[in-house]
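Chemist: Below is one structure. I have some questions about it.
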Amino acid sequence: MRLLLLALVALTSPLASAWDALPETAPYPADNPPSAAKIELGKQLFFDPRFSATGTISCNSCHNLMAGGDDSRQTSMGVHGLTGPRNAPTVWNAAFHSVQFWDGRAKTLEDQAKGPVVAHVEMGMTDLDAAIARVRDIPGYVEQFAAVFGGAQPVTVDNAAKAVAAFERTLITPNSPYDRYVNGDTTALTEQQLRGMQAFADLGCVACHRGPAFNGPEMPGGVGFFISFPFHDSPYVEEYGLRDEPGRYAVTGNEADRHKYRVPTLRNIALTAPYFHNGRVKTLEEAVRVMAPSQLHKRLSDAQVADVVAFLNALTGPFPELTLPRLPPTPGRSVADPEPHPTP
Amino acid sequence: MIHKLLTPALGALLAVMIGGAHAGNAASMPEQMMDAMKGMVAHGMKPVFEMPAHMQSTTDKEFKYAPSYMTVTGDRELTEADFEDPAMCAGCHPKQYQGWQGSMHSNAFVDPIFQKLWSKAEKATDGALMNHCGACHSPIGVLTGSIVHDKDNDKFTAGPIASKGVSCDVCHTITKTNFLDTATMEHGNASFEIDPQGPGGAKRGPLEDAKSPYHKTEYSELHTKADFCGNCHQIFHPENGFPIERTYDEWKYSPYARAGIVCQDCHMNPVETAVRVAKEMKRPQDLEGENLKGYAGLGAAQQRDVVHDHSFVGGNAVVTELLGGGNSAHAAAARQRLQNAAEVGVSFEKRGDGLTDLRVEVTNTSAGHNLPTSLTDVREIWVEVTITDDKGAVLFESGKLDSHGELDHDNVTIFNSVARNGRGDVTHYPWEVTRFSRNTTIPPKGNAVSRYTFKAPEGATQVTADVKLNYRSYGQHLADVLLGAGTITIPVIEMEHETASLSL
């Protein structure tokens, strides 16, 4: 029965290559090859809250690696309890996105890494120079930057971003039950998950959520795969305020980009509730229900929803073991203190 | 006794046959002219001031990709990033993608027979035909300048999307036809303007209210017209102007054009539909009980009356099989189409002089262009005749292949054209053609009658004629010259097979 289903799933999928396992390594740009030292440096920067206005918010605050790589909030909370407009995308497997942010405004992980540092409601620094000045103020970082990047002034914003991006490229989750299944382990998925996989193909979810990361076709780096959401009208538009913000239009000013978003990965989707750009949909079941009429002009039965959700659960983990980094110390001194506290 | 009689009888019979076997078009000349004029009117020819935008000529065109007439909106320089990879389109348009993948449009650049011929052309003309051939076989390759000619191996390479030939973004970003700018003021030689806009850019097509969550959509009246296809399915010699391929013209002056039936109606629908279109002379959407309904893309809200098949099936069962990678669906569809294109009528007519005529009438019942079409000087449709008596003795044969897979061209009823170069010699190389010295292709709904005169042997009580109508995309000799002898056997496809008997 399992073998039969495998054959069926393969045959009826619209693309022969639709079912791809996640690679064991993530791609990286030619100008930022990984090294153990660089990844370790990036890991420290990722976990270090000292580069936020208040010295309390790190990348990990909103992209919690001990959880789904997000913060389980509707929208993220940054310095001074301020909240932003959008739901934090997971950092797990972000390396497989061809552009970053919901609206794709960063072409690379390196570019993305610079954004939240100076976002008023996130890490809240006045500018990147102020942030990098703090890094330079910590001798343990200066030594590491010199060792990794060399040159007269190795502690630069670009190098910091490169280190963070190099670390983020290790945050990937191959070998999920789904991956094991497509690699030939026919026992990796339950009967219900197989039904859900078939439904995922037949309903057309796979038109957008395809490829190894379920985030769209392979795109050249820096070119995003953007889709209108919601594409069709439904009561959900009002119920969840799905068209309350302009999406990528805010970046490009092109009318065609209104309500367009980069297609997010579905890897670990079961862990990253709440859902969508505004985080208004609380459960995966409801997210699947919203997607069907919004994108595919279909209505799903409860059984179909359950099957698809079961399949989506097969895209979870496993997560690589992580040890917390030791941060370069500044005993008795807070590099964040000179920064005056802005009034919210 | 019979043997003694048969031998001289056969000799005489052959002599009669050579003089008597001929192909003639049934439609008389004045009617053809009437058809032509009606065709022009039905085709949408209107006074210039009423011409739709996509047909209007402009005065500021520079043909950067000459001798083709391909132009780019705004004369931009293009790269592959300006084009969508077909794999991208496949996500929402799997039906269209599956149809296109393996079609001759997808093979247009990689087709090995085309590449060998093109390489010969390039060498013979010192590169003058790069854009002429390339603009229709790999428009993206010409536009992005990525085509490289490997002269030593007679091969061409191009960028990854360019290699995919006539792909999604080629047709779906064409904005207008440049036909009024060509030397013939007719469609052909890549007489189109293209406006590719990269990922998510506008795709143009026949649906007025199309909407996509990914790309912009623009309605294009041009995509509903045969004129659209005519931009490439009509080729004239870039120097001497001789019409080498005139599929579009053949259609334009046909009853199909008068009935408003366009290329897309037959070549972008299943074979069964195409057969009905030709039989009932109605467009697919007007065929009673024909269900072509569907959704143009995944997740579409609105069902469409006709969702077009993108496999563009014609008569090519060779390359589709060769490049099919084990998938012979396109080749099978080509065979099926050939087997539904014509009808053969076979009858005997006793003559007053004691001889008998075998009359073979071939009718182009279902093709909206001539049979054969396109490179008519290399395509071959011929009549294979075997006449036997009741004792099984073969009285007459014609149209058999010899041991080299060749036809005796002086002794066969063949529907094709004979091309000649400037010196008057027969040629199969398009770049050499200056004229046709013969054209026996059968126009749409036209027919051709051949008579084979023979003498039945004394004592025979019955004669039987076994008649086949055969097709092949090119003669074996041309394939051997281009690919090397023994590389490939060009399949002979039996379009029709009829028998008739006469009691004596």
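Results for (1) open to solvent by 10 Å² or more (accessible area, probe 1.4 Å); (2) hydrophobic (A, V, I, L, M, F, W, C); (3) in contact with a helix residue (DSSP H, G or I) (Cβ under 7 Å, 6 or more places away or on another chain); (4) within 14 Å of chain B (Cβ to nearest Cβ), shown as yes or no for each residue.
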site	(1), (2), (3), (4)
A:174	yes, no, no, no
A:178	no, no, no, no
A:188	yes, yes, yes, no
A:197	no, yes, yes, no
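Chemist: Every residue in the stretch A:227-246 that is in contact with a helix residue (DSSP H, G or I) (Cβ under 7 Å, 6 or more places away or on another chain) and within 12 Å of chain B (Cβ to nearest Cβ), please.
Modeler: A:229, A:230, A:231, A:232, A:234 - these are the residues of the stretch A:227-246 that are in contact with a helix residue (DSSP H, G or I) (Cβ under 7 Å, 6 or more places away or on another chain) and within 12 Å of chain B (Cβ to nearest Cβ).
Chemist: While we're on this one: Looking at residue A:254 and the list (1) farther than 23 Å from residue A:98 by Cα; (2) open to solvent by 20 Å² or more (accessible area, probe 1.4 Å); (3) of a type in the set (S, T, N, Q), which single condition is not satisfied?
Modeler: Here residue A:254 clears every test but (1).
Chemist: Kindly list, by first and then second residue, each pair from a residue in the stretch B:305-318 that is more than 15 Å from residue B:105 (Cβ to Cβ) and free of Cβ contacts under 8 Å to residues at least 40 places away in the same chain to a residue that is open to solvent by 30 Å² or more (accessible area, probe 1.4 Å) and in a loop (DSSP other than H, G, I, E, B), limited to pairs with Cβ atoms under 8 Å and residues at least 6 apart or on different chains.
Modeler: The qualifying pairs are B:305/B:293; B:306/B:293.
Chemist: Then there is this: Quick one: in the stretch A:294-325, which of the residues that are open to solvent by 60 Å² or more (accessible area, probe 1.4 Å) and free of Cβ contacts under 8 Å to residues at least 12 places away in the same chain is farthest from the other protein chains (Cβ to nearest Cβ)?
Modeler: Here the answer is A:323.
Chemist: So, one more: Looking at residue B:312 and the list (1) open to solvent by 20 Å² or more (accessible area, probe 1.4 Å); (2) assigned to a strand (DSSP E or B); (3) of a type in the set (Phe, Trp, Tyr), which single condition is not satisfied?
Modeler: If we test residue B:312 against (1) open to solvent by 20 Å² or more (accessible area, probe 1.4 Å); (2) assigned to a strand (DSSP E or B); (3) of a type in the set (Phe, Trp, Tyr), just (2) comes out false.
Chemist: With the stretch A:1-69 as the region, which helices (runs of 4 or more DSSP H) entirely inside it contain at least 3 residues that are at pLDDT 95 or above and crowded, with 19+ Cβ neighbours inside 10 Å?
Modeler: A:36-47, A:59-62
Chemist: In the stretch B:408-430, what residues are open to solvent by less than 40 Å² (accessible area, probe 1.4 Å) and at pLDDT 95 or above?
Modeler: Answer for the stretch B:408-430, where residues must be open to solvent by less than 40 Å² (accessible area, probe 1.4 Å) and at pLDDT 95 or above: B:412, B:413, B:414, B:415, B:416, B:417, B:418, B:419, B:421, B:424, B:427, B:430.
Chemist: Residues of the stretch B:197-235 being over 26 Å from residue B:305 (Cβ atoms), open to solvent by less than 40 Å² (accessible area, probe 1.4 Å), within 14 Å of chain A (Cβ to nearest Cβ) and touching an Asp or Glu at 6+ places or on another chain (Cβ under 8 Å), which ones?
Modeler: Listed by number, the residues that qualify are B:198, B:201.
Chemist: Given the stretch B:121-235, what strands (runs of 3 or more DSSP E) lie entirely inside it while holding 1 or more residues that are free of Cβ contacts under 8 Å to residues at least 24 places away in the same chain?
Modeler: Correct list: B:148-150, B:155-157, B:217-219.
Chemist: Still on this structure, please answer the following. Quick one: is residue A:278 polar (S, T, N, Q) and either within 12 Å of another protein chain (Cβ to nearest Cβ) or touching a Cys at 6+ places or on another chain (Cβ under 9 Å) (or both)?
Modeler: Answer is no for this residue.
The values are calculated or read from the model by the stated rules, or taken from the named source; none is laboratory data. Only a predicted model underlies this, so the values are computations on that prediction, with no experimental measurement involved. Please note: Cβ atoms are built from the backbone with ideal geometry, for glycine as well, and neighbour counts cover all protein chains shown. Note: areas computed on protein heavy atoms with side chains; ligands, DNA, RNA excluded. Shrake-Rupley method; radii C 1.70, N 1.55, O 1.52, S 1.80 Å.
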